[in-house]
1. Suppose we keep only residues that are over 16 Å from T416 (Cα atoms) and either surrounded by 14 or more Cβ atoms within 10 Å (Cβ to Cβ) or among the acidic types (D, E) (or both) within region 296-327. Which one would you say is nearest to the chain's Cα centre (by Cα)?
2. Six or more apart or on different chains, Cβ under 8 Å: which pairs go from a residue in region 332-349 that's of a type in the set (A, V, I, L, M, F, W, C) to one that's exposed (fewer than 14 other Cβ atoms within 10 Å of the Cβ) and assigned to a strand (DSSP E or B)? Could you list them?
3. Evaluate the following for D83: is it farther than 30 Å from P199 by Cβ, of a type in the set (D, E), part of a loop (DSSP other than H, G, I, E, B) and modelled with pLDDT of 95 or more?
4. Test P381 against the stated conditions and say whether it is within 16 Å of ligand 1 (Cβ to nearest atom), in contact (Cβ under 8 Å) with a residue 12 or more places away in the chain, surrounded by fewer than 16 Cβ atoms within 10 Å (Cβ to Cβ) and on the phi < 0 side of the Ramachandran plot.
5. Of the residues that sit in region 439-453 and are among the hydroxyl-bearing types (S, T, Y) and in a loop (DSSP other than H, G, I, E, B), which one is nearest to ligand 1 (Cβ to nearest atom)?
6. Touching a helix residue (DSSP H, G or I) at 6+ places or on another chain (Cβ under 7 Å), of a type outside the set (V, I, T), modelled with pLDDT of 95 or more and not in a strand (DSSP E or B): does that describe A206?
7. Anything in region 412-453 that is among the charged types (D, E, K, R) and either in contact with a Gly (Cβ under 8 Å, 6 or more places away or on another chain) or over 18 Å from E337 (Cα atoms) (or both)? List them, or say none.
8. Consider region 119-142. How many of its residues are over 18 Å from T191 (Cβ atoms) and within 16 Å of ligand 2 (Cβ to nearest atom)?
Amino acid sequence: MRIFLLFAILAAGCSLNEEKIILHVKERLIDVDGKEASVFCIEQPDGTPGFTAQKGQLLAIQLENYLDVPTSVHWHGLLLPNDQDGVAFVTQYPIYPGKTYGYHFPLMQAGTFWMHAHFELQEQKLLSAPLILKEASDTAIADQEAVLFLTDFSFKNPEQIFAELRCPSKIETHTARMHDIVEVAYDAFLTNCRTLSAPEIVPVLAESIVRLRIINGSSATNFFLSLGALKGTAIAIDGNRIEPIEGSSFELAVAQRIDILVTIPATGGAFPILAQGEGTAMQTGLVLASSESLKSLAPISQRASVTAGRFTNRQESLFHPLTSLNPRPVDRKIALELEGDMAAYVWTINKQAWPNITPILVKKGERIEITFKNTSTMAHPMHLHGHTFQVTALNGKPLQGPMRDTVLVPVNETVTIQFDADSPGVWPLHCHVLYHLVGGMMTVIRYEGYTQH
Ligand code: C2O
Ligand code: CU
């Protein structure tokens with residue numbers, strides 16, 4: 001019997017397509033407009049940031065911490081066993097300097113995801129990277145792909161930024177919190193770690209279809225995306241396919257992703273793909289360029305001609321998923337009020353600030369509905385770990401919204417989501433603006449009867 005079991009396990013093991021990935025978390029120097037900056041990164045031994053893998057693979061990640069501080073890395077948007085979720089002090093202990101940590105989980109999804117530190121303020125030091133999950137049918141969708149990993153960058157260390165937010169009198173030169181929309185005055189926005197003074201140039205062929213995988217990996221910046229002269233078709237949101245939607249500008253809140261198809265015209269040319277920060281004139285991006293256009297690339301300004309306004313959620317009602325949640329009655333309704341005390345810089349969910357929270361209890365098998373009501377003065381991109389939810393109402397108005405893992409709740413608005421409680425564990429639910437998160441805006445969904453190992 002034992003021998004039979006052993007064979008069964010071995011046979012199953014062989015049929016699983018296991019993918020081993022080594023990731024180094026380390027410090028590195030980048031050039032920001034001629035000034036050197038020391039940041040963190042997550043890369044493979046050959047220097048590739050993050051990784052690409054296939055849906056259906058069984059992933060074995062070996063994460064090696066070369067920093068002189070502890071860390072932990074979260075796989076944003078992935079459906080995985082709770083103990084692989086990578087959140088320090090929730091599902092694992094931090095990974096200490098010089099230590100290696102193993103993550104093992106099957107890849108259930110295909111789409112555009114990302115990974116980032118879930119420890120202190122490390123995400124602001126660019127401890128983040130793309131996580132791209134492919135499936136066989138992807139090759140029929142586009143001829144080529146380009147990843148745009150957007151971040152917000154400051155030469156200040158994040159502890160200093162947070163201290164200034166908590167105590168505005170400490171602000172030295174910058175104008176943080178002066179503005180209604182922008183809380184942190186960044187020095188630059190980056191795409192794949194570069195500014196527009198030396199942007200990445202992606203070679204493309206005339207008449208080819210390019211799939212842009214755009215990831216908002218910033219700590220506190222919502223981006224307005226512009227495809228310039230190109231027409232685009234959005235095909236996925238947060239890694240989930242949507243009914244295709246045409247446009248040349250889109251909105252991408254913190255932590256969200258969008259996949260857009262663009263067709264390079266027969267005449268070729270150079271096409272900047274730009275992202276402008278909400279409430280600022282600063283922009284970032286990269287250039288898709290056919291070979292003829294390479295010799296005469298025009299410089300692109302890091303400042304747009306007009307300052308961008310505020311996000312609206314206007315596009316949210318336009319997105320419809322290819323596959324919705326199965327219709328069924330809601331078993332449990334949860335109302336969450338998002339509030340902020342700007343003076344103390346404490347952000348709360350139902351008046352509770354992390355870690356002093358009461359977990360939200362759910363039962364396996366239930367359909368859960370959460371309504372976020374934002375009574376604070378800032379918008380909050382709310383993210384739920386380990387589940388994909390559907391946006392089912394905006395300000396009480398029902399809709400078949402997109403399947404997502406992060407939804408923006410604008411000031412004075414309500415957003416309702418539904419999901420199936422199908423993954424027992426303790427799952428963080430938090431605002432993805434890093435300073436709101438560390439300022440308290442996090443809670444957890446806990447499954448009744450779940451015990452952590
Ligand atoms: Cu991007 Cu707690 O997550
Ligand atoms: Cu927030």
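1. Only one residue fits best here, namely F311.
2. From residues that are of a type in the set (A, V, I, L, M, F, W, C), the pairs are W347/D341.
3. On the way: farther than 30 Å from P199 by Cβ: yes; of a type in the set (D, E): yes; part of a loop (DSSP other than H, G, I, E, B): no; modelled with pLDDT of 95 or more: yes.
Criteria not met by D83.
4. Details: within 16 Å of ligand 1 (Cβ to nearest atom): yes; in contact (Cβ under 8 Å) with a residue 12 or more places away in the chain: yes; surrounded by fewer than 16 Cβ atoms within 10 Å (Cβ to Cβ): no; on the phi < 0 side of the Ramachandran plot: yes.
Taking the combined requirement at face value, the residue does not satisfy it.
5. From region 439-453, those among the hydroxyl-bearing types (S, T, Y) are 443, 447, 450-451; that's our starting set.
Right, trim to in a loop (DSSP other than H, G, I, E, B) and you get 450-451.
Details: Y450: 18, T451: 22 Å.
Checking each candidate, the answer is Y450.
6. On the way: touching a helix residue (DSSP H, G or I) at 6+ places or on another chain (Cβ under 7 Å): no; of a type outside the set (V, I, T): yes; modelled with pLDDT of 95 or more: yes; not in a strand (DSSP E or B): yes.
No: the conditions fail for A206.
7. D420, D422, R446, E448
8. Quick first cut of region 119-142, residues over 18 Å from T191 (Cβ atoms) only: 119-122, 133-142.
Next, from what is left, pick out any that are within 16 Å of ligand 2 (Cβ to nearest atom): 121.
Qualifying residue count for the region: 1.
The values are calculated or read from the model by the stated rules, or taken from the named source; none is laboratory data. Remember, it's a predicted structure, so these values are computed and weren't measured experimentally. Neighbour counts run over all protein chains shown; Cβ positions are idealised from the backbone, glycine included.
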